[in-house]
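Only one structure is covered here, and it is reproduced in the block below.
The values are calculated or read from the model by the stated rules, or taken from the named source; none is laboratory data. Since the structure is predicted, the reported quantities are computational estimates derived from the model, not experimental observations. So basically every Cβ, Gly included, is an ideal-geometry build from the backbone, and we count neighbours across all protein chains shown. To get the accessible areas, we keep the full protein, side chains included, count just its heavy atoms, and leave off ligands, DNA and RNA. Shrake-Rupley method; radii C 1.70, N 1.55, O 1.52, S 1.80 Å.
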Amino acid sequence: MATDDEGDIGDAIDALAEGTAMIQAAATGEVLEALPEDSVAEGAAMVAFLRLEGVLTEVTENEPEEMKVACVEGCAWCCYIGHAGISAPEAVALARHIEDDLDEETRVVVQARVEEAAERATLRTPMQRWRDREPCAFLDVDTRACRVYQARPLRCRGWNSVDASACEQSFERRRDDVDVPTNRVRFLLAASTEDGQARAFESSGRDHRRGEMAQSVQLAMAEPDLAVRWARGEPVFDDILTDDELV
Ligand code: SF4
Ligand code: SF4
């Protein structure tokens, strides 16, 4: 049976999750009403990225020492997990970032890696890819830096650990049962941001599914009109792996 303190903490966590989702849904709804068809998808992704970054910065300034995350540039054991699902607007934002902001050499490498990863995603489950320690298509495996850091998905922004050596052990031992201590509040904030975004998409009649990351971005790169089709309410993720198929 849960103690009163545990019950209070559980209630506070539920309230934080619901509050975050509601605020994100409202902010996304405003963007969906305000922006034109060709920029609304990217705008919806950006408002989620910016809100979450703002909240995470506040958390960083106020959290206790034992909850400080160990995540730093060049630490990337978690970038081999390959489970991230992203919304259509996140895919559009990533594709535009690759097209507009990467230098040509990096862009060519990233586009090729995305195509390979999208193909592999049809052949192996996310769990098989994790067990194979397949790097994310956006990871520079030499520098261990994310090549699309500015436009990285919401899931990546909330992912964390307070002990990098536990992440390394989990990676090296190829075991799923290594206990990696995390800052649960950060996970919760990112997941609730995803939830709020999806609620706004669904209630406005847009495709609110999350697609396999590489397949979603490949689709957005190959079909420049994907952003407009999504804005018009078309089911743009019908032909790729989504939601339940990603587990
Ligand atoms: S979650 Fe672990 S592997 Fe990923 S950046 Fe943080 S400490 Fe490093
Ligand atoms: S998008 Fe970037 S941060 Fe996210 S898993 Fe890939 S390399 Fe890591």
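Residues to consider are Ala95, Ala45; find the one that is farther than 24 Å from Leu189 by Cβ and in contact (Cβ under 8 Å) with a residue 24 or more places away in the chain. Give the steps one after another, and end with the answer.
Details: Ala45 fails: farther than 24 Å from Leu189 by Cβ.
Exactly one of Ala95, Ala45 is farther than 24 Å from Leu189 by Cβ and in contact (Cβ under 8 Å) with a residue 24 or more places away in the chain, namely Ala95.
Among the candidates Ala84, Ala17, Ala41, which residue alone is open to solvent by less than 70 Å² (accessible area, probe 1.4 Å) and modelled with pLDDT of 95 or more? Lay out the reasoning, then the answer.
Details: Ala84 fails: modelled with pLDDT of 95 or more; Ala17 fails: modelled with pLDDT of 95 or more.
Testing whether each residue is open to solvent by less than 70 Å² (accessible area, probe 1.4 Å) and modelled with pLDDT of 95 or more leaves just Ala41.
If you check every pair at least six apart or on different chains, which have Cβ atoms under 9 Å apart with a residue in the stretch 13-33 that is touching a residue at least 24 places away in the same chain (Cβ under 8 Å) and of a type in the set (D, E, K, R) first and a residue that is open to solvent by less than 20 Å² (accessible area, probe 1.4 Å) and assigned to a helix (DSSP H, G or I) second?
The qualifying pairs are Glu18/Ser192.
Could you please give the count of residues in the stretch 183-210 that are open to solvent by 10 Å² or more (accessible area, probe 1.4 Å), in a helix (DSSP H, G or I) and in contact with a strand residue (DSSP E or B) (Cβ under 9 Å, 6 or more places away or on another chain)?
2
Taking the stated definitions as given, is Arg133 open to solvent by less than 60 Å² (accessible area, probe 1.4 Å) and assigned to a helix (DSSP H, G or I)? Before you say what the answer is, go through the steps one by one.
On the way: open to solvent by less than 60 Å² (accessible area, probe 1.4 Å): yes; assigned to a helix (DSSP H, G or I): no.
Spelling it out, it is not the case that Arg133 is open to solvent by less than 60 Å² (accessible area, probe 1.4 Å) and assigned to a helix (DSSP H, G or I).
Of everything in the stretch 103-117, what is closer than 30 Å to Asp177 by Cβ and open to solvent by less than 60 Å² (accessible area, probe 1.4 Å)? Give them in sequence order.
Arg113, Ala117 - these are the residues of the stretch 103-117 that are closer than 30 Å to Asp177 by Cβ and open to solvent by less than 60 Å² (accessible area, probe 1.4 Å).
Would you check which residues across the stretch 211-241 are small (Gly, Ala, Ser) and surrounded by 16 or more Cβ atoms within 10 Å (Cβ to Cβ) and list them?
Going residue by residue through the stretch 211-241, those that are small (Gly, Ala, Ser) are 211, 214, 216, 220, 222, 227, 231, 233.
Across the stretch 211-241, the qualifying residues are Gly211, Ala214, Ser216, Ala220, Ala227, Ala231.
Starting from residues that are of a type in the set (Val, Ile, Thr) and within 13 Å of ligand 2 (Cβ to nearest atom), keep the ones in the stretch 138-186 and report whichever is nearest to the chain's Cα centre (by Cα). Reasoning before the result, please.
Step one: list which residues in the stretch 138-186 are of a type in the set (Val, Ile, Thr), which gives 141, 143, 148, 162, 178, 180, 182, 185.
Right, trim to within 13 Å of ligand 2 (Cβ to nearest atom) and you get 141, 143, 148.
On the way: Val141: 19, Thr143: 21, Val148: 12 Å.
Only one residue tops the list, namely Val148.
Looking at the stretch 138-182, which of its residues are more than 10 Å from ligand 1 (Cβ to nearest atom), open to solvent by 50 Å² or more (accessible area, probe 1.4 Å), charged (D, E, K, R) and part of a loop (DSSP other than H, G, I, E, B)?
Within the stretch 138-182, Asp142, Arg147, Arg173, Arg174, Arg175, Asp176, Asp177, Asp179 meet the criteria.
For the stretch 62-78, enumerate the residues that are within 16 Å of ligand 2 (Cβ to nearest atom) and surrounded by fewer than 10 Cβ atoms within 10 Å (Cβ to Cβ). Reasoning before the result, please.
So the first thing to find is which residues in the stretch 62-78 are within 16 Å of ligand 2 (Cβ to nearest atom), and the list is 69-78.
Of everything in the stretch 62-78, those that are within 16 Å of ligand 2 (Cβ to nearest atom) and surrounded by fewer than 10 Cβ atoms within 10 Å (Cβ to Cβ) turn out to be Val72, Gly74.
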